[in-house]
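Just below is one structure, and these are the notes that go with it.
The values are calculated or read from the model by the stated rules, or taken from the named source; none is laboratory data. Just so you know, these numbers come straight off a predicted model, no measurement behind them. Counting neighbours? That spans all protein chains shown, and the Cβs are built from the backbone with ideal geometry, glycine included.
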Amino acid sequence: MLIVHVHVRVKPESVEQFRQATIENARASVQEPGIARFDVVEQQDDATRFLLIEVYCTPEASAAHKETAHYAKWRDAVAPMMAEPRQSVKYNAIFPDPKSW
């Protein structure tokens with residue numbers, strides 16, 4: 001299991017557009033065979049900050065995700081909405097044991 005947290009801060013005037021584009025991408029992403037989970041969350045006290053929580057079955061699934069048409073569409077659509085470059089942090093699953101999933 002590979003878990004990726006993508007931290008995003010968007011321009012205030014782009015929040016709703018970002019939200020819609022990201023939901024569309026997430027809906028398509030959860031259909032990919034190598035994705036176990038793809039969550040989109042918004043910070044409660046700052047609507048310009050989002051966290052994408054992406055859970056991949058394998059590192060290869062993460063690479064395959066970046067090759068999809070829906071990811072490319074999302075990436076290009078949201079690029080001008082960013083208040084700062086997005087940052088990702090990768091994690092390994094510890095508990096529960098990913099082998100039990």
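Numbers for the structure displayed
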| item | result |
| --- | --- |
| Residue that is modelled with the lowest pLDDT, among those in the stretch 12-50 that are touching a strand residue (DSSP E or B) at 6+ places or on another chain (Cβ under 8 Å) and of a type in the set (K, R) | R37 |
| Odd one out for A21 among (1) loosely packed, with under 14 Cβ neighbours inside 10 Å; (2) of a type in the set (A, V, I, L, M, F, W, C); (3) touching a residue at least 40 places away in the same chain (Cβ under 8 Å) | (1) |
| Among (1) of a type in the set (A, V, I, L, M); (2) touching a residue at least 40 places away in the same chain (Cβ under 8 Å); (3) outside any helix (DSSP H, G or I), the one test that V78 misses | (3) |
| Residue in the stretch 79-97 that is nearest to the chain's Cα centre (by Cα), counting only those that are closer than 17 Å to H5 by Cα and surrounded by 14 or more Cβ atoms within 10 Å (Cβ to Cβ) | R86 |
| Candidate set: the stretch 13-42, residues that are hydrophobic (A, V, I, L, M, F, W, C) and not in a helix (DSSP H, G or I); chosen: the one nearest to H70 (Cα to Cα) | V30 |
| Selected residue (only one of I53, I94 is modelled with pLDDT under 95, of a type in the set (V, I, T) and either in a loop (DSSP other than H, G, I, E, B) or touching an Asp or Glu at 6+ places or on another chain (Cβ under 9 Å) (or both)) | I94 |
